[in-house]
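The next block holds one structure in the form of structure tokens; read it before the comments.
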Amino acid sequence: AAVVRCGGDPQPHERMPPPPAPPLPIELVASDRYRLVITRTRFNADEVQLQEALFSGPAGEPLRIASCTNPGGLQPIDASGAIIQTAERLIDGDRSNKASKWLDMHFAPPGACAGCNGNSTLLITLDAPATLGSYTFVTANDNIKRDPIQWSLSRFTMGRWATIDERSLPASEVPPTRFTPYPSMEILWSWRDVMPRYPPTPPSPPLPPLPPPPLPPSPPPAPPPPSPPPLPAPPPVLLPLRCKDDVNYYHSSGGRCDDWSGLPCREGGYGVDAALDIAILVASCPEACTDVTLAPDCAPPAPAPVQPPPPPPLPPPSPQPPTPSPPPPPSPVPLLPPPPFPSPPL
């Protein structure tokens, strides 16, 4: 017993260890439904296979398996159209016939094929509820890369699947020989496997978040900078024009000037597409091209203007009589002084 000091609890280093848990009544973990999920093979093959699956009770007694299915799996089809190598072959008791094995071809990673999911599930149902003490597998007839090396085993209890064993074996522990049992895998039961597992209480909905404080009005966005003016188009290639078609002109695709007779040339075509090729065509074939104007110096000189004849000479003027000069103006008459007025009588 722990030593209790006056006025206090036992010291931590003086406490006695808790008593061991009572032995687990194995009948409390009995079940008739088990699920095996294989997640990896020896060399990460795209298929998985086994010859047999064997279940045993706590005392090593064989447990009779009533059915075994492989939901989501894909099995081969023989020449008659019958599906072969199904999961039922795992429980037929035949450990040496290569035709009596299970194969799942949907083991490839998701996306590798339609229906592939990267694992394989086996649902195993016993004749009656029983406690699983150990289990093992038997390798199939060929292709050791399909041997499982990683899986989990669950039992169905209280309305849910509960994991009871998980294995990840190194490849060295998986027998390389064919039709050979795996090492026996024991189930170590504990009280946690029988404690009631209630579904977790759903979390209460979170409180609505407080609205954020109003933000100060943001300034109006600055106008985008003006886009730079577009670059000027490169000047067209211009070559001096000829007055006549060049008889030596030839293009490997466009041919000679005669081939362009009556056609526009400035847009190119018929393999004459480069700007320089078009310029050479226009300069070499001014007569054949309908959209080429001849150079001004190619026109014939204009005729000299016809000068009108000089006008006839005018006749000499006839003599005119002399014009009489006007008479001189009359001389002015001198004004006489007025007569004196008589003086009035005194």
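Please compute the Kirkwood hydrodynamic radius over the range 71-209, one decimal place, Å, based on all pairs of different Cα atoms. Working shown, then result.
Details: mean 1/r = 0.0552 Å⁻¹.
Averaging 1/r across every pair of different Cα atoms and inverting gives 18.1 Å.
For the range 222-280, just the Cα set please: Rg and Dmax, both in angstrom.
Looking at the range 222-280, its Cα Rg and Dmax stand at 18.0, 64 Å.
I need the peptides 251-263, 94-106 ranked by packing, meaning the mean over residues of other C-beta atoms within 10 angstrom, with the highest value on top. Before the final figure, lay out the partial values.
Details: 251-263: 15.0, 94-106: 17.8.
Result, highest mean Cβ count within 10 Å first: 94-106, 251-263.
May I ask you to work out the translational diffusion coefficient for the range 145-188 at 20 °C, viscosity 1.002 mPa s, via Stokes-Einstein with Rh from the Kirkwood sum over Cα pairs, reported in whole µm²/s? Display every interim value, and only then the final one.
On the way: Rh = 12.3 Å.
Approximately 174 µm²/s, per Stokes-Einstein.
Which aspartates and glutamates have a Cα lying under 17 Å from the Cα of Lys98, excluding residues fewer than 8 positions away in the same chain?
Glu47, Glu52, Asp78, Glu88, Asp142, Asp147
Report, ordered by chain and residue number, the lysines lying within cross-link reach of Lys244, taken as a straight Cα distance under 29 Å and ignoring same-chain residues fewer than 8 apart.
Candidates past the 8-residue exclusion: nothing left.
Excluding ligands, DNA and RNA, what is the solvent-accessible area per residue of the range 102-162 at a probe of 1.4 Å, expressed in Å²? Walk me through the numbers on the way to the answer.
Working: 2170 Å² over 61 residues.
For the range 102-162, the solvent-accessible area averages 36 Å² per residue.
Using a 1.4 Å probe over the heavy atoms of the protein chains, calculate the carbon and sulfur portion of the accessible area of the range 96-149 as a whole percent. All intermediate terms of the calculation are to be shown ahead of the outcome.
Details: 1100 of 1980 Å².
Taking all protein chains in place, the range 96-149 shows 55 percent carbon and sulfur surface.
Normalised radius of gyration for the range 146-221, please: alpha carbon Rg relative to 2.2 N^0.38 Å, two decimal places.
On the way: Rg = 26.4 Å, N = 76, 2.2 N^0.38 = 11.4 Å.
Against the empirical 2.2 N^0.38 Å value, I get 2.32 for the range 146-221.
The values are calculated or read from the model by the stated rules, or taken from the named source; none is laboratory data. Predicted model only: the values in this text are computed from it and were never measured. No Cβ is skipped: glycine too gets one built from the backbone with ideal geometry, and neighbour counts run over all protein chains shown. What goes into the accessible areas is simple: the full protein's heavy atoms, side chains included, and nothing from ligands, DNA or RNA. Shrake-Rupley method; radii C 1.70, N 1.55, O 1.52, S 1.80 Å.
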